[in-house]
1. Return the total of residues in the range 89-105 being crowded, with 18+ Cβ neighbours inside 10 Å and of a type in the set (Gly, Ala, Ser).
2. Given the conditions (1) in contact (Cβ under 8 Å) with a residue 60 or more places away in the chain; (2) charged (D, E, K, R); (3) part of a helix (DSSP H, G or I), and given that residue 102 satisfies all but one, which numbered condition is not satisfied?
3. Output the residues belonging to the range 74-99 that are part of a loop (DSSP other than H, G, I, E, B) and in contact with a Lys or Arg (Cβ under 8 Å, 6 or more places away or on another chain).
Amino acid sequence: MSPLRIIYLVLAIWGAVQPLFYFVPWIADNGFDIRGLFVAWKIFAVNTGLMTTLNVAGFALVIFVIAEVSVRRNWSALFVLPVIVLVGLNCGLPLYLFLRTRPVA
């Protein structure tokens with residue numbers, strides 16, 4: 001495996017694990033309350049701006065992955081779509097780059 005692919009994989013793992021340090025304590029205190037989570041994200045305008053930015057970037061990545069898969073026929077890259085939605089852009093983007101840079105057989 002190339003050093004670049006290792007970096008992408010490490011970033012994908014980091015992107016999946018680091019947010020848990022913030023979400024797990026919040027869920028332990030508040031329960032699994034999605035409405036409360038959205039309210040917490042909108043407390044400050046900067047939080048709302050960041051959430052909006054990440055949502056737009058995530059949506060752009062979903063469109064890009066679908067377009068790339070339809071051209072390259074790299075069906076395994078579709079695995080990234082639920083990762084983007086359920087885990088986030090911070091894990092989905094490096095994971096897609098990891099899958100995209102694998103050697104072509």
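1. 1
2. That leaves (3) as the condition not met.
3. Listed by number, the list holds a single entry, 74.
FYI, it's all coordinate maths here, none of it is from the lab. What you see is a predicted model, and the numbers here were worked out from it, not measured in a lab. Cβ atoms come from the backbone with ideal geometry, glycine included; neighbour counts cover every protein chain shown.
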